[in-house]
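The values are calculated or read from the model by the stated rules, or taken from the named source; none is laboratory data. Everything numeric in this text was worked out from a predicted model, so none of it was measured. As a convention, Cβ positions derive from the backbone with ideal geometry for all residues, glycine included, and neighbour counts pool all protein chains shown. Side chains are part of the model used for accessible areas, which takes the heavy atoms of the whole protein and leaves out ligands, DNA and RNA. Shrake-Rupley method; radii C 1.70, N 1.55, O 1.52, S 1.80 Å.
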Amino acid sequence: MKLGVALYLSVLTVNAQAPSSASWRKARLEALLQHMTLDEKLGQLNQYSAGEPTGPGTTRDSYDVMIAEGKIGSLLNVTNAKQADKYQRIAVEKSRLHIPLLFGLDVIHGFRTIFPINLGLSATWAPALIEKASRLAAEEAAAQGIRWTFSPMVDIARDARWGRISESAGEDPYLGSAIAKAYVRGYQGDRLDNPTSILACAKHFAGYGAAEGGREYNTTEISERSLRQTYLPPFHACVGAGAATLMAAFNSLNGVPATSNSFTLGEILRKEWRFNGFVVSDWDSIRETMAHGIANRPSIAAGKAFLAGLDMDMESGLYLSELPTLVQSGAVPMARINDSVRRILAAKLDLGLFENPYTQPNASIGPLPAQARQLARTLAEESFVLLKNQPYQGLPLLPLVGRSGQSIALVGALADSAQDMLGSWSAQGRTSDVTTLRAALAERAAQGKMLFRYARGVDSVGDDETGFEEALAIAKRADVVVMALGEKAQFTGEAASRAHLDLTEKQQKLLEAVVATGKPVVLVLFSGRPLTVTWAAQFVPAILEAWFPGVEAGPALVRTLFGDVNPSGHLTATFPRSVGQEPLYYNALATGRPVPAAVDLGKPPDSGSRFVSRYVDELNAPLFPFGYGLSYTTFTYSPLTLSREALSATALNSGRSSVTVRADLTNSGRRPGTEVAQCYIRLTGTSVARPVRELRGFQRVELAPGQTKHVEFTLGRDELSFWNIDMKYLAEPSFLQVWIASDSASGLPAAISITK
Ligand code: BGC
């Protein structure tokens, strides 16, 4: 105890002299390490959940004692300043070395101000806005003592059956990387010791999104080339952006659980990428390596994970119980323990936790400030994807303006469900902060002197048809019917994989019945994933994908439906026609027997040749492709021009050459609007097959009616390199096609040869 106090005081003295210099930091760290017992060191590597469990339950309750004994370095699921300060006081005032705790929480799409779910955020194609949202989330969380978020989730998700596609930025590694960096910048800010900054945690490393069959926690088989080409880039981008931590995934990757995978954690992360932050396990995932079958005893599970490169144990407690024996026997070198402790203490020092371990008193959360709501509304508005908008009485059905005196019927339980609007992982989000579609539409109707009627009609789960009659009755009396259908939030996110992607039978039945009344129907889809709304895409005149929009769900939707804002979201995950097409993603490799588009759009199986890569009972084409999204205006692209006639691989690889591709983009409609111009490439004649299209740039472009803007993208080494036959990341002599288009399935390419 005496030693602890002396060290604490000496540390404070040093602190007063040179609080931020690197050498001071190092000296302080080493001083602490020298005085730590093995148990205290292992305590730093140990994290327990002290709140609502976010995995299989925990029965522990002796945190106070363990913290005082220095056996816990971090707590998760503490959600407010009062709780955090209570535990922090024990750590700082009662433990021998006074090392502060680090509090971690899943702040996934907002802390108190809940933004759209992450898949929706990605549909904005607006990293700058996502950065603002994560900055606000950081400020709100940090005010409660939470200085670490388990976000961003940067798993590439190509299978809509997987529930966690909702937490992801979708299927594309280029867009995913841009968005991943934005989250990291937002959370961590310019400086970690700014009290409003929190540590980011890029998760789940790696390959989790490739779970076979889209089934949660399932195994993955990913070749090294696709791992590097598709799944790793967003993680690499996070490391490049300075992400302080990473989380290992639950899945096994090519037979080795990601939790104890020395190839991903050791070779790639530490050696190649030189990551110097720390890696945390996922919930109990060290123990789970026994269920995977690679360890028959807890000590083997702990030893394998630790030696593979996993620094902190979330929840299993096995580092604490097993590593002492492994260190004593020499199986785990003390130097490795010291390395892990150093990384964790360095993060605590970087955050300034030693100087400012406590939160400000009065950090209570009042009502949401107007600017927070405004930001949540903007993100929601920009996340909506207009999937269909057919004319009704000569005008596209949406927006619903200019049809004065009309009466509106709103049908569907999701229109009135604040809880569902928060989506999965809603941290400290409150249903009382949510304005639902029902509330907002009722208000707008009252202002516009429109008749408004609501009927629940149908729940998003269950077999109850008792609401059908009322729903049909109000539909028949209305000029337009808005139907809010889709998934419940609890059907999305972790442990929410689905084998069916349709609307439930009852929702579908009611939708068909309402459409059969002949009234124009606007379908507002709430979902955490692409749904197979194939019938609706044919028979419902207007469809707006709304995801789970967060606290401002209602106002954002009403402003969009009435045309105060023009939808500009574009899909970041392909919508299949049938679940049997999954995994379905745009950047696939070709086959030796590709299906000509004209044949694919014919009626299988009668047309076209038989022996091509296709289904006999379904098209290959998606329902809506990656990048797709309509607007209330229209956009046209001019033919493309290239800045040069030839490119050389040698010059590209030395970083000395590039080609710029240009197009004129015109708003050819009558409303102002924002287009997401997307640049895609295809390389052929390469040593390994490359995808039929790959995103290599994007730009949001605002255009007044009739306005034309010039858009251009430069393709150089970074854009044209890939993992070749020798597993070298290089540009190769090849033939390059380039598109600038509104989605991954449209546009006409320009082409250029890449010579030696
Ligand atoms: C999830 C992680 C999450 C952790 C802590 C796990 O079940 O896979 O994404 O961060 O729980 O809540």
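Annotations
- Helices (runs of 4 or more DSSP H) fully within the range 225-312 that include at least 1 residues being of a type in the set (A, V, I, L, M) and within 16 Å of the ligand (Cβ to nearest atom): 285-292, 298-308.
- Residue tally, condition more than 19 Å from Val514 (Cβ to Cβ) and open to solvent by less than 60 Å² (accessible area, probe 1.4 Å), over the range 418-447: 19
- Count of residues meeting criterion [surrounded by fewer than 17 Cβ atoms within 10 Å (Cβ to Cβ) and either part of a loop (DSSP other than H, G, I, E, B) or not charged (D, E, K, R) (or both)] in the range 489-512: 6
- The listed residue being of a type in the set (Lys, Arg), open to solvent by 10 Å² or more (accessible area, probe 1.4 Å) and in contact with a Gly (Cβ under 7 Å, 6 or more places away or on another chain), out of Arg270, Arg185, Arg228: Arg270
- Those residues of the range 472-488 which are open to solvent by 10 Å² or more (accessible area, probe 1.4 Å) and closer than 21 Å to Pro549 by Cα, in sequence order: Lys488
- Qualifying residue in the range 462-470 (condition: open to solvent by 60 Å² or more (accessible area, probe 1.4 Å) and among the small types (Gly, Ala, Ser)): no
- Odd one out for Met312, checked against (1) in contact (Cβ under 8 Å) with a residue 40 or more places away in the chain; (2) touching a Lys or Arg at 6+ places or on another chain (Cβ under 8 Å): (2)
- The range 533-554, residues that are within 27 Å of the chain's Cα centre (by Cα) and open to solvent by 10 Å² or more (accessible area, probe 1.4 Å): Thr534, Ala537, Glu552
- Some residue of the range 113-136 being touching a Ser or Thr at 6+ places or on another chain (Cβ under 6 Å), in a helix (DSSP H, G or I), of a type in the set (D, E, K, R) and more than 22 Å from Asp311 (Cβ to Cβ): no
- Residue within the range 565-576 that is in contact (Cβ under 8 Å) with a residue 12 or more places away in the chain and farther than 22 Å from Glu171 by Cβ present: yes
Table: residues versus (1) touching a Leu at 6+ places or on another chain (Cβ under 6 Å); (2) under 23 Å from Pro705 (Cα atoms); (3) modelled with pLDDT under 95.
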{"site": "Gln538", "(1), (2), (3)": "no, no, no"}
{"site": "Pro541", "(1), (2), (3)": "yes, no, no"}
{"site": "Glu545", "(1), (2), (3)": "yes, no, no"}
{"site": "Pro549", "(1), (2), (3)": "no, no, no"}
{"site": "Glu552", "(1), (2), (3)": "no, no, no"}
{"site": "Arg559", "(1), (2), (3)": "no, yes, no"}
{"site": "Asp564", "(1), (2), (3)": "no, yes, no"}
{"site": "His570", "(1), (2), (3)": "no, yes, no"}
{"site": "Phe575", "(1), (2), (3)": "yes, no, no"}
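- From the list Ile156, Ile146, Ile130, Ile165, the lone residue that is more than 16 Å from the ligand (Cβ to nearest atom) and either surrounded by 24 or more Cβ atoms within 10 Å (Cβ to Cβ) or of a type outside the set (A, V, I, L, M, F, W, C) (or both) is Ile130.
- The condition (being at pLDDT 95 or above, open to solvent by 20 Å² or more (accessible area, probe 1.4 Å) and among the aliphatic types (A, V, I, L, M)) is satisfied by just one residue among Ala750, Ala745: Ala745.
- Which numbered condition Gln707 fails, given (1) open to solvent by 50 Å² or more (accessible area, probe 1.4 Å); (2) farther than 27 Å from Ser383 by Cβ: (2)
- Qualifying residue in the range 115-122 (condition: closer than 18 Å to Glu552 by Cβ, surrounded by fewer than 24 Cβ atoms within 10 Å (Cβ to Cβ) and out of contact with any Cys (no Cβ under 7 Å at 6 or more places or on another chain)): no
- Note on the range 609-647: residues that are out of contact with any Lys or Arg (no Cβ under 7 Å at 6 or more places or on another chain) and β-branched (Val, Ile, Thr) total 3.
- The residue list Ala347, Ala380, Ala363, Ala372 contains one member that is closer than 29 Å to Gly569 by Cβ and either touching a Ser or Thr at 6+ places or on another chain (Cβ under 8 Å) or modelled with pLDDT under 95 (or both), which is Ala372.
- The residue that is most open to solvent (accessible area, probe 1.4 Å), counting only those in the range 607-637 that are of a type in the set (Gly, Ala, Ser) and out of contact with any Leu (no Cβ under 8 Å at 6 or more places or on another chain), is Ser609.
- Index of the failed condition, Leu665 passing every other in (1) more than 32 Å from the chain's Cα centre (by Cα); (2) surrounded by 20 or more Cβ atoms within 10 Å (Cβ to Cβ): (1)
- In the range 189-206, the residues that are open to solvent by less than 20 Å² (accessible area, probe 1.4 Å) and away from the ligand (no atom under 16 Å from the Cβ): Ser197
- Only one entry of Gly176, Gly186 meets the criterion of being more than 16 Å from the ligand (Cβ to nearest atom) and over 18 Å from Thr264 (Cβ atoms), and that entry is Gly186.
- Of the residues examined, Arg135 is not one that is within 20 Å of Met247 (Cα to Cα), open to solvent by 10 Å² or more (accessible area, probe 1.4 Å), out of contact with any His (no Cβ under 7 Å at 6 or more places or on another chain) and not β-branched (Val, Ile, Thr).
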